[in-house]
Amino acid sequence: ILVDKHHVGSAASGRNGGQLTPGLARWEAADMIDHLAHDDAKRLWRFASAESMDLIDEIGARYALDLDRKRGHVTAAVHPGHMSALLDGADARRHLGDAGVTLVGRHQLHDEYVRSGLYHGAAIDAIGGQIHPLALVRGLVHGFRLNGGALYEGTE
């Protein structure tokens, strides 16, 4: 049973930016390394990155959803000090077996990704990307209902 106070996707779940970024909220690869055994950190990172993105793609294919899926995500450094954090994050991901992130400097970022002189470089993430969030929410509900789920909208 799915209960929604208003209509499915009418609030933040249907209007967010649709960014797909690997990891868990406020717990990135380095945090996993710091708190878990290496094999456990590696498994958790794979689950929270590549497997999560694959699952979204599988759901989209299974239910023929038009998610407007784009691949790749840029995290740009607003000032030079941000590059150190991006390097640390990329290093931790590589330590866990993830080769999906590369670092680029100011000039390559400008020439190939973001035509702005404001940034000092970036992490280019091949695993992440973007989707149309409302299409995903509606598609998930469609699949849920096809599999016997009941939806009650307008129900507090």
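The values are calculated or read from the model by the stated rules, or taken from the named source; none is laboratory data. Worth saying up front: this structure is predicted, and the values here are computed from it rather than measured. Quick reminder, even Gly has a Cβ in these numbers, built from the backbone with ideal geometry, and neighbours come from all protein chains shown. Accessible surface areas use protein heavy atoms only, side chains included; no ligands, DNA or RNA. Shrake-Rupley method; radii C 1.70, N 1.55, O 1.52, S 1.80 Å.
Residue count for the range 16-33, restricted to those that are surrounded by 11 or more Cβ atoms within 10 Å (Cβ to Cβ) and either modelled with pLDDT of 95 or more or part of a loop (DSSP other than H, G, I, E, B) (or both): 11. From the list Arg93, Arg106, the lone residue that is in contact with a strand residue (DSSP E or B) (Cβ under 9 Å, 6 or more places away or on another chain) and either at pLDDT below 95 or over 30 Å from Ser13 (Cβ atoms) (or both) is Arg106. Answer yes or no as to whether His73 is open to solvent by 90 Å² or more (accessible area, probe 1.4 Å) and touching an Asp or Glu at 6+ places or on another chain (Cβ under 6 Å). Against the criterion (open to solvent by 90 Å² or more (accessible area, probe 1.4 Å) and touching an Asp or Glu at 6+ places or on another chain (Cβ under 6 Å)), His73 does not qualify.
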